[in-house]
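Enquirer: I have a structure here, written as structure tokens, and I will follow up with some questions on it.
The values are calculated or read from the model by the stated rules, or taken from the named source; none is laboratory data. Bear in mind that the values here come from a model prediction, so they are computed numbers and not experimental data. A quick note on method: Cβ atoms are made from the backbone with ideal geometry, for glycine too, and the neighbour counts reach across all protein chains shown.
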Amino acid sequence: MKNNKKSEKLISTLSKIIKKYRTRQNKTIYKISAEISMNKETWREVEYGRKDLRFTTLWRIAEGLDISADKLLTEVIKELGDDFSLTDLK
């Protein structure tokens, strides 16, 4: 799998998990983005897998979802599998 496809898979998995947590809380994109002072278009792009996040943005999103950033990342790693890598070194 090429790096671009690997990156897309990572972003897609992260977006799916973020959306899962938001919908479990019965929050709209508008409400949750307002709670963390994020543009709703940015949140929407994250959920649709159209945006590669900076770490600080990921951290804010995790806080808005009332979970830790490490829990969010652990779930992404679990979903992708231990053998997932963005490099060909693994």
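Enquirer: With part of a loop (DSSP other than H, G, I, E, B) and either within 24 Å of ASP88 (Cα to Cα) or not polar (S, T, N, Q) (or both) as the only criterion, which of ILE17, ILE67, ILE61 stands out?
Expert: Selected residue: ILE67, the only one of ILE17, ILE67, ILE61 that is part of a loop (DSSP other than H, G, I, E, B) and either within 24 Å of ASP88 (Cα to Cα) or not polar (S, T, N, Q) (or both).
Enquirer: Given the criteria assigned to a helix (DSSP H, G or I), touching a helix residue (DSSP H, G or I) at 6+ places or on another chain (Cβ under 9 Å) and among the β-branched types (Val, Ile, Thr), does ILE32 qualify?
Expert: yes
Enquirer: What's the number of the condition ASN3 fails, among (1) surrounded by 12 or more Cβ atoms within 10 Å (Cβ to Cβ); (2) modelled with pLDDT under 95?
Expert: Answer for ASN3: the failing condition is (1).
Enquirer: Moving on. Out of ASP52, ASP83, ASP70, which single residue is surrounded by fewer than 16 Cβ atoms within 10 Å (Cβ to Cβ) and in contact (Cβ under 8 Å) with a residue 40 or more places away in the chain?
Expert: ASP52
Enquirer: Also: I'm trying to understand the selection: among the residues of region 9-49, which are of a type in the set (D, E, K, R) and more than 12 Å from the chain's Cα centre (by Cα)?
Expert: ARG24, LYS27, LYS31, GLU35, LYS40, GLU41
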